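We did not get these values from a lab; they are worked out from the coordinates using the rules stated. As the structure is a prediction and not an experimental result, all values here were calculated from the model. Backbone-built Cβ (ideal geometry, glycine too); neighbour counts: all protein chains shown.
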């Protein structure tokens, strides 16, 4: 199941992607929190799964700064995602299912005057999630 949706509260826009993937939450958690695995599907980084840890994701097009907000191992991970203009929050939620895990990615906080960021997220996250699924199929 793939659900890519957009929601808004009138003030901000959000990007939500939900997929049931045939992998256990423990394996997905590693790919979301281990820097060498994050680099394979997302970007180069200095991420650590520790509350308040400040990190950056780096790519050819630039960098994104973040700070870890919430950690529930193998269940939920939330961090800020932005630069000098964008202040958003990315939240990953992992829910075990009979066939694997329901993986939900939500990025909240795009202002209506930030169409470039919002469109970039709408286009980028499905590609990142496809790369994540490819990685999960390859690793033990």
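Let a ≥ b ≥ c be the square roots of the eigenvalues of the Cα gyration tensor of segment 31-79; is it rounded (a/c under 1.5), or, if not, prolate (a/b larger than b/c) or oblate? Because a/c hits 1.5 or more and a/b fails to exceed b/c, segment 31-79 counts as oblate. Once the Cα atoms are used to define both axes, helix 115-138 deviates from the longest principal axis of the chain by about 10 degrees. Per DSSP H run of n ≥ 4, the term is -39500 (n - 2.57); total these for the chain, divide by its residue number, and report the mean residue ellipticity at 222 nm rounded to 500 deg cm²/dmol. Taken over the chain, the calculation gives -9000 deg cm²/dmol. For segment 2-138, treating each Cα as an identical point scatterer without solvent, what Debye log10 I(q)/I(0) comes out at q = 0.16 1/Å? Log10 of I(q)/I(0), two decimals: -0.81. Label separation (residue 70 vs residue 122): 2.6 nm, computed from points 7 Å beyond Cα along the C-beta direction. Each part reduced to its alpha carbon centroid, segment 11-76 and segment 96-140 end up 10 Å apart. Peptide packing: for 75-85, 53-63, the average count of neighbouring Cβ atoms within 10 Å per residue gives the ranking 75-85, 53-63, highest mean first. Dividing the mean sequence gap of close Cα pairs (under 8 Å, 6+ apart) by how many residues segment 2-138 holds gives a relative contact order of 27 percent.
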